[in-house]
Amino acid sequence: MTSKIEIQNVYGLTPLQEGMLFHSQSDSGTGAYVQQLLIRFSGELSVEALRESYLGLVKRHDVLRTVFRASNTDKPLQVVLKERPVNIRQEDWRHLPPDGQEKRLADFAGEDRRIGFDLAREVPVRLTAIRLGERSSALHLSFHHILLDGWSLGLLLGELFDGYTAHVKGNAYTPEAPAFAFGRYLHWLSGRDDKAAESYWRSYLSGVEGISGLPRTRPASVSAGTQSPVETYSFSFDEKLTGELNALAQAHGVTLSTVFQTLWGVLLHRYGGTEDAVFGSVVAGRPAGLPGIEQALGLFIHTVPVRVQAGSRSFSAILQEVQQDVLASADHEAYPLYAIQALHGGRSPLFDHVVAFENYPLDRDSLLAASSGSTVTDLEWHEETNYDVHVTVHPGRELTVRCVYRPSAFDRGIFRRLEGHLRMLAASAVRYPERPGGGAGLYNGGGK
């Protein structure tokens with residue numbers, strides 16, 4: 001950075017940000033933690049109105065003016081700039097046929113991931129407006145996960161398009177909620193009780209041995225996983241089964257997320273032939289004691305271990321225990337994952353995959369008001385982490401499960417079988433919750 005750049009604030013990093021920064025530096029050029037969203041539109045799209053709206057976001061939210069420094073400093077720092085220029089790249093692909101446009105989009109996204117971000121020199125967000133037809137276009141948004149989590153992305157898009165609609169109509173736009181400075185959260189984080197958290201996680205993980213993973217084609221390589229591309233396998237539970245799972249959650253006074261975690265844990269039991277399973281869970285990490293944090297942009301999530309012990313107990317009993325653990329761990333979820341791993345002895349990772357139950361504040365059908373002249377027709381999401389597989393669960397009328405995996409570690413057939421096994425287990429759990437483990441007769445070993 002040059003002397004002409006004015007600095008507003010300087011903060012340390014959260015433990016998760018430090019980990020992402022480390023992996024981004026060691027796995028440069030692989031797309032590690034580069035998140036991408038392609039939004040397709042029909043109708044007229046005003047790039048100038050989009051730029052004005054995004055400029056308002058940059059002025060309002062300090063995380064959109066933040067760069068990250070790791071050299072010539074005792075510890076990594078995030079530096080909030082007073083100002084940041086806004087540029088939206090423009091592409092015109094109207095001369096290409098539809099299949100040529102799709103190929104260009106794929107190539108463009110791949111090159112964007114390969115380039116990644118220079119976190120020390122640029123705020124890691126890029127926007128590109130692409131003209132596809134006379135009344136069709138797309139917006140390609142890419143950002144580094146070190147800056148934003150999924151909940152924040154939903155907030156950003158909502159505010160971006162509310163502002164866009166106002167600017168298209170010639171009106172000023174002022175969000176109702178005041179901006180939340182990320183430094184407030186960092187101050188809260190620094191005051192947490194690490195001793196209580198250490199005691200909790202030590203007790204919670206007592207007796208855990210080995211990794212409870214999915215059946216692999218090749219051995220685990222968590223740290224090196226970003227060296228190969230990813231593929232996606234998605235499936236959904238139909239409305240009937242989704243409704244039954246919601247009813248099961250309500251009947252037991254738990255959340256749908258807890259029901260899915262329990263199902264996933266029992267499935268890992270069956271695959272591994274054990275009575276103890278541990279996997280990673282991504283939690284929102286927004287403390288209720290900080291007013292305004294629900295509308296804040298930033299990286300607030302944490303990854304914590306979830307332990308599911310089955311034995312001969314009923315699915316209902318396992319479900320209640322998982323829910324109790326979720327509530328008990330809420331006060332300690334900010335404890336760094338590397339510290340939790342150290343409590344386990346550091347001999348091997350606690351888990352080799354993560355599960356995230358996504359409930360973003362994003363209504364895809366109402367991103368743009370009808371008066372804006374444009375309509376969102378599709379959203380396409382791409383994300384990568386340093387795990388060989390991560391699973392995202394999206395609630396709705398149909399519960400959707402999205403498995404992003406590395407073919408270098410997993411065969412696609414594993415996920416086809418997983419889909420069938422998970423459906424079978426879910427159907428059995430809603431009908432026979434008092435039977436051991438839901439009563440589903442799965443074979444041990446995911447390959448069978």
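Every number in this text was worked out from the coordinates using simple rules, so none of it is lab data. Model, not experiment: these values are computed from the prediction. With ideal geometry, Cβ positions are generated from the backbone for all residues, glycine too; neighbour counts draw on all protein chains shown.
Summary table
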item: Relative contact order, percent, the chain [alpha-carbon distance under 8 Å, six or more residues apart]; result: 23 percent
item: Antiparallel DSSP beta bridges within the chain, as percent of all bridges there, nearest 5; result: 85 percent
item: Relative packing of peptides 176-183, 288-295 - highest average C-beta neighbours within 10 Å first; result: 176-183, 288-295
item: Neighbourhood charge, 13 Å Cβ-Cβ cut-off, centred on residue 391 and excluding it, Lys, Arg +1 and Asp, Glu -1; result: -4
item: Relative frequency of Cα-Cα separations exceeding 27 Å in the chain, percent; result: 57 percent
item: Cα pair distances exceeding 25 angstrom across the range 7-177, given as percent; result: 37 percent
item: Per-peptide average of other Cβ atoms within 10 Å, ordering 259-266, 306-313 highest first; result: 259-266, 306-313
item: Gain in span if fully extended, residue 236 to residue 5, counting 0.36 nm per residue against the direct Cα distance; result: 78.3 nm
item: Mean residue ellipticity (222 nm) of the chain, computed from DSSP H runs ≥ 4 via -39,500 (n - 2.57), nearest 500; result: -11500 deg cm²/dmol
item: In range of the label at residue 317: residues from the range 239-276 whose backbone nitrogen is under 16 Å from the point 7 Å along Cα→Cβ; result: 266, 275-276
item: Estimated vicinal HN-Hα couplings, Hz - the range 398-405 in sequence order (Karplus 6.51, -1.76, 1.60; Gly, Pro = x); result: 10, 6, 10, 10, 10, 9, 9, 9
item: Among 150-161, 52-63, 424-435, the order from most to least packed when residues are scored by Cβ within 10 Å on average; result: 150-161, 52-63, 424-435
item: Estimated D of the range 1-108 in µm² per second, where Rh is the Kirkwood radius over Cα pairs and Stokes-Einstein applies at 10 °C, 1.306 mPa s; result: 92 µm²/s
item: Likely footprinting exposure, 301, 146, 7, fewest C-beta neighbours within 10 Å first; result: 7, 301, 146
item: Relative contact order (%) - the range 7-177, alpha-carbon pairs under 8 angstrom, separation at least six; result: 33 percent
